[in-house]
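A quick write-up on the structure given underneath.
The values are calculated or read from the model by the stated rules, or taken from the named source; none is laboratory data. Computed from a predicted structure; not experimentally measured. Cβ: placed from backbone, ideal geometry, glycine included. Neighbour counts: every protein chain shown.
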Amino acid sequence: MATATVSTPVGAPRSLNASVQLDVEKVRPAIPQERAALYVGLVVGAVLFVIGALNLLGTLNTAVWPGESPGANPAIDFFVLGTLAVIGPFGFLASAHFRRISRIESRLPDFLRDVAEAGRFGMTLPDAIIVASKGRYDLLTGEIKKMASQLEWGVPVATALSLFKERVNTPLVNRTVSIIIKANEAGGNVADVLSMVARDTRDVQITTQERQITMLTYLTVIYISFYVFLVTIYIMAAVFLPQMLTAGSGIASTTGTSAGGAGTAISLNFTAIPELFLAFLVAVIVHAIGDGIMAGVIINGRMSEGFQHATIMLASGWLFMRLLVPNLVVPGVNG
């Protein structure tokens, strides 16, 4: 039950309501988990950003990978880790929060329909809610049973519904409960209002599910295009650039030998290859963050949920570049 004063008599609903409200305020967290994760991530990310900036300036020589030479690569590694610290926990917790809301709201039409059916047998709204609370409504079951217990103890139906709305606190539940409270205060046949709200809610949910299924194709395309981009970089780094380096060295050597000192030898410059790898790494980071956020907006219209996809792409792309993509050693440039 939601009340701590179980011995409160039915005839004293005000004290019971105050007790229920007090208990609700006790169990309700002051800061949502995803927001707290964002605050902690911002602090950790700021520290990692500072370490990366000091590495870039040469003030600090701290590398993520053992044996890494100082310079831009260690700085980018700390920038990536700082970005992951900011968007990673927040993205996954926000996605879990939205999935929980979706599960709660998916069973709300079933509960409204059961209350409406009970109301058509001549029951009042409180009695209909108590009867409907015997059903199973996934994550809503516990909150509905709390509301039914409050009604059995004499709490007014408007108060019990308001407390239910505050505990669940999802957009659809808030809107639906407000409609029910207004309909009950206006009088008339509340069962018809409940049936209409349940039908409209179900239609909205079906439309949303169809849209998400359609957008799932675009999400798949985004992931495939990102990993094709990574494979392309790997092919260039493992096959194309080494062959170019070998062929260029052979051309320079052959030209210098055949010239015999009489002509001008061809000199090939490979100093841009390390910068090319750095450009690839930066491109992967930008691609991962942008594609991940766009994926979240396409699927659910929320940038915060896109942070989950951005975290997956950024972490996998960064590890792919640092562990699998070979870093060519150019004589006289980087080794």
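Take the residues of the range 50-64 that are at pLDDT below 85 and of a type in the set (Val, Ile, Thr): which is nearest to the chain's Cα centre (by Cα)?
Checked the range 50-64; the qualifying residue nearest to the chain's Cα centre (by Cα) is 64.
Quick one: residue 114 ticks every box in (1) surrounded by fewer than 18 Cβ atoms within 10 Å (Cβ to Cβ); (2) closer than 23 Å to residue 185 by Cα except a single one, so which number is it?
Here residue 114 clears every test but (1).
Which one of these is part of a helix (DSSP H, G or I) and closer than 19 Å to residue 281 by Cα: 37, 53? Walk me through it before giving the result.
On the way: 37 fails: closer than 19 Å to residue 281 by Cα.
Residue meeting the stated conditions: 53.
Yes/no per residue for (1) hydrophobic (A, V, I, L, M, F, W, C); (2) part of a helix (DSSP H, G or I); (3) without any contact (Cβ under 8 Å) to a residue 24 or more places away in the chain; (4) touching a Lys or Arg at 6+ places or on another chain (Cβ under 7 Å):
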residue	(1), (2), (3), (4)
131	yes, yes, yes, no
142	no, yes, yes, no
162	no, yes, yes, no
174	no, yes, yes, yes
179	yes, yes, yes, no
182	no, yes, yes, no
185	no, yes, no, no
196	yes, yes, yes, no
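Here are some conditions: (1) under 21 Å from residue 282 (Cα atoms); (2) without any contact (Cβ under 8 Å) to a residue 24 or more places away in the chain; (3) part of a helix (DSSP H, G or I). Residue 61 meets all but one. Which one does it not meet?
Condition not satisfied by residue 61: (3).
Considering only the range 65-79, state which residues are surrounded by fewer than 17 Cβ atoms within 10 Å (Cβ to Cβ), within 33 Å of the chain's Cα centre (by Cα) and either over 15 Å from residue 278 (Cα atoms) or aromatic (Phe, Trp, Tyr) (or both).
Within the range 65-79, 65, 66 qualify.
Within the range 171-200, take every residue that is under 25 Å from the mean Cα position of the chain (by Cα) and modelled with pLDDT of 85 or more and give me the one that is nearest to residue 117 (Cα to Cα). Quick ask: steps written out before the conclusion?
Taking the range 171-200 and keeping what is under 25 Å from the mean Cα position of the chain (by Cα), we get 171-175.
Cutting the leftovers down to modelled with pLDDT of 85 or more gives us 173-175.
On the way: 173: 19, 174: 22, 175: 21 Å.
Taking the candidates together, the pick is 173.
Examine the range 97-106 for a residue that is crowded, with 21+ Cβ neighbours inside 10 Å and at pLDDT below 90, and state whether such a residue exists. Explain how you work it out, then say what you get.
From the range 97-106, those crowded, with 21+ Cβ neighbours inside 10 Å are 105; that's our starting set.
Among the residues that remain, those that are also at pLDDT below 90 are: 105.
Yes - at least one qualifying residue is present in the range 97-106.
Between a residue in the range 95-110 that is in a helix (DSSP H, G or I) and any residue that is surrounded by fewer than 17 Cβ atoms within 10 Å (Cβ to Cβ) and of a type in the set (Lys, Arg), which pairs come within a Cβ distance under 8 Å, given they are 6 or more apart or on different chains?
Qualifying pairs under 8 Å: 98/302; 109/199; 109/202.
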